[in-house]
Structure formats: C-alpha cells, structure tokens
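Trainee: Okay, here's the structure, questions in a sec.
The values are calculated or read from the model by the stated rules, or taken from the named source; none is laboratory data. Owing to the predicted nature of the structure, the values given are computational and were not obtained by experimental measurement. Don't worry about glycine lacking a Cβ; one is built from the backbone with ideal geometry, like all the others, and counts go over all protein chains shown.
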C-alpha cells in the first residue's frame with residue numbers, strides 16, 4: 001500500500017515530541033503519524049511505502065521520526081525533497097529514502113522501488129519515475145540495517 005501526504009511534514013507530525021522520551025519502541029509505533037493521519041498505524045503493513053511532498057521531515061533532528069516509520073512497516077519513504085537531517089537520520093537507522101521531484105503518485109497506488117537504479121514504477125498508472133541512484137556506501141549501510149550495524153561489520157568506510 002502507498003500512503004501519500006503533502007509538503008512540510010515535520011518530525012513532530014511523524015512522532016509528537018511527547019512520545020520521544022521512551023526506550024519502548026512500541027510507543028513510537030502506536031503514535032506514528034497520529035496527528036496527521038490517525039488511521040495510519042492501523043492500516044500500515046510491513047513493506048508499505050510513504051510518499052511526501054517537499055521538505056519532508058523538517059523540524060527537529062530527532063531520530064525517532066524515521067525510527068517510528070521504519071518500525072511501523074514503511075519500507076521506503078519517497079518525497080519531492082527531504083530535510084537534510086531527516087534524510088541522514090533515515091539512512092543511519094536503515095530506512096531507505098529517495099527524492100523524486102516529479103511524480104503523480106497517489107494513495108493506494110501500487111509501486112515498486114529499485115534502490116540501485118533509483119527507478120520507481122507506478123504499476124497502477126503504468127509510469128516510471130527516477131530518483132538519483134544512491135551511492136554504493138548508502139546502499140551498503142541500508143543493507144546492514146543502518147550505520148551502527150555497518151560500522152560494527154566493516155569499520156570505517158574506505159574509499
């Protein structure tokens with residue numbers, strides 16, 4: 001399933017600050033996107049996609065926002081643009097994010113994402129969109145489930 005939201009979705013809309021002072025990750029999942037879409041947590045399933053507009057993840061630098069999305073089942077976040085710190089936090093915790101400026105993806109569209117090529121196929125509309133392919137090191141970080149796991153396995157990245 002694909003969930004589409006608009007521009008300027010800030011980290012407080014993804015997970016309100018009052019829920020971030022916990023080590024219980026289930027709390028994050030229980031409250032993910034509740035102020036934006038109270039039905040999201042009940043509809044999202046493992047492997048679903050979230051699509052945002054411009055400036056997705058703006059606001060604070062809290063890592064709980066991408067963590068809450070990942071733990072809820074979101075497999076990839078697509079947006080027309082991301083706040084820089086959200087983008088980096090997402091990669092660091094192992095949540096793939098792709099920037100696609102021009103798309104007409106709607107909620108419920110069936111899509112497939114190829115992180116290696118940056119291609120997003122909209123099966124519903126028989127269209128393809130292209131993001132810049134991710135650098136190999138980012139793909140490697142995502143494959144390991146995030147930066148901490150990557151560094152545990154490989155140590156510092158060598159060019």
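Trainee: Within the range 15-24, identify whether any single residue is surrounded by fewer than 19 Cβ atoms within 10 Å (Cβ to Cβ), modelled with pLDDT of 95 or more and out of contact with any helix residue (DSSP H, G or I) (no Cβ under 8 Å at 6 or more places or on another chain), and answer yes or no.
Mentor: No, the conditions are met nowhere in the range 15-24.
Trainee: Quick one: which residue in 53, 6 is modelled with pLDDT of 95 or more, touching a strand residue (DSSP E or B) at 6+ places or on another chain (Cβ under 7 Å) and under 23 Å from residue 109 (Cβ atoms)?
Mentor: After ruling out the rest, the residue left standing is 53.
Trainee: Among the candidates 153, 112, which residue alone is out of contact with any helix residue (DSSP H, G or I) (no Cβ under 7 Å at 6 or more places or on another chain) and assigned to a strand (DSSP E or B)?
Mentor: Result of the check over 153, 112: 112.
Trainee: Regarding the range 88-103, can at least one residue be identified that is more than 18 Å from residue 141 (Cβ to Cβ), at pLDDT 95 or above and either over 15 Å from the mean Cα position of the chain (by Cα) or not in a loop (DSSP other than H, G, I, E, B) (or both)?
Mentor: no
Trainee: Kindly provide the set of residues from the range 1-28 that are assigned to a helix (DSSP H, G or I) and free of Cβ contacts under 8 Å to residues at least 60 places away in the same chain, ordered by number.
Mentor: Answer for the range 1-28, where residues must be assigned to a helix (DSSP H, G or I) and free of Cβ contacts under 8 Å to residues at least 60 places away in the same chain: 12, 13, 14, 17, 18, 19, 25, 26, 27, 28.
Trainee: Those residues that are exposed (fewer than 14 other Cβ atoms within 10 Å of the Cβ) and outside any loop (DSSP other than H, G, I, E, B), I need them from the range 31-44; list them, please.
Mentor: 42, 43
Trainee: Do any residues in the range 128-148 that are assigned to a helix (DSSP H, G or I) have Cβ atoms under 8 Å from those of residues that are modelled with pLDDT under 90 and surrounded by 14 or more Cβ atoms within 10 Å (Cβ to Cβ), where the two are at least six apart or on different chains, and which pairs are they?
Mentor: 142/134
Trainee: Another question about this same structure. Considering each residue of the range 105-127, count those that are under 28 Å from residue 60 (Cα atoms), without any contact (Cβ under 8 Å) to a residue 60 or more places away in the chain and over 16 Å from the mean Cα position of the chain (by Cα), and give that number.
Mentor: Residues that pass the stated criteria total 0.
Trainee: I'm told residue 117 meets every condition in (1) assigned to a helix (DSSP H, G or I); (2) loosely packed, with under 14 Cβ neighbours inside 10 Å except one. Can you identify the failing condition by its number?
Mentor: All conditions pass for residue 117, except number (1).
Trainee: Answer with yes or no whether residue 150 is out of contact with any strand residue (DSSP E or B) (no Cβ under 8 Å at 6 or more places or on another chain) and surrounded by 17 or more Cβ atoms within 10 Å (Cβ to Cβ).
Mentor: The answer is yes for residue 150.
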